[in-house]
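The values are calculated or read from the model by the stated rules, or taken from the named source; none is laboratory data. Remember, it's a predicted structure, so these values are computed and weren't measured experimentally. Note: ideal-geometry Cβ built from the backbone for every residue, glycine included; neighbour counts use all protein chains shown.
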Amino acid sequence: MSTTRFSRALVFALAVALSLSAGCGKGGQGGHAAGGNAAIGTEAPEFALPDLDGKVVKSSDLKGKVVILDFWATWCGPCRMEVPHFVALQSKYRDQGLAIVGLSLDKEGASVVKPFVEEFNVNYMMLLANDETARSYGGITGIPTTFVLDKEGKVVKRFLGFTDPAVFEETIKPLLTAS
């Protein structure tokens, strides 16, 4: 391989790695200003958001469950890569009290999220988030941004960018068995 081709391949590989580790920036998709608080150990901010059929779901409806709350969008590559892992985790741990909730930041709303959910057989709750929700969680500066909440609704962990499913599993297992 020539030095030029090798250099180009290396630059491309580094760019892909950075995008996967950092997540998708909000840049041209409408940024979210910092604000709110979702610090580790604090009560997660409340929300009341529509699902894909327009039914409003409140965060208080999730009390008593361990929650993976994922801010994402259909156009975000790392977000899309996490979806099959969340589907598998939901299948494996639903009966033990896990609730995965996707908080879509797609500006087009249900018109783009619903076909995505159907195509990828998403088996977890999908809600349509907004700028106010993003601000209340401390400002979402890149996606995916994912929070893990305990059964009392307190923030246990926050992840920015693509996260290995084993990390989520290690985080939720002790929370599911805690009383």
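Assorted remarks:
- Output for segment 102-131, where each listed residue is at pLDDT below 95 and touching a strand residue (DSSP E or B) at 6+ places or on another chain (Cβ under 9 Å): Asn130
- Residue within segment 12-32 that is more than 16 Å from Thr145 (Cβ to Cβ) and either modelled with pLDDT of 95 or more or in a loop (DSSP other than H, G, I, E, B) (or both) present: no
- Ala73 vs. criteria under 24 Å from Gly138 (Cβ atoms) and at pLDDT 95 or above: yes
- The criterion of at least 2 residues that are under 22 Å from Ala44 (Cβ atoms) and small (Gly, Ala, Ser) is met, among helices (runs of 4 or more DSSP H) falling completely within segment 73-179, by 131-136.
- For segment 93-111, the set of residues classified as farther than 23 Å from Val56 by Cβ and free of Cβ contacts under 8 Å to residues at least 40 places away in the same chain consists of Asp95 only.
- Odd one out for Val155, checked against (1) touching a residue at least 60 places away in the same chain (Cβ under 8 Å); (2) farther than 15 Å from Lys65 by Cβ; (3) surrounded by 19 or more Cβ atoms within 10 Å (Cβ to Cβ); (4) not small (Gly, Ala, Ser): (2)
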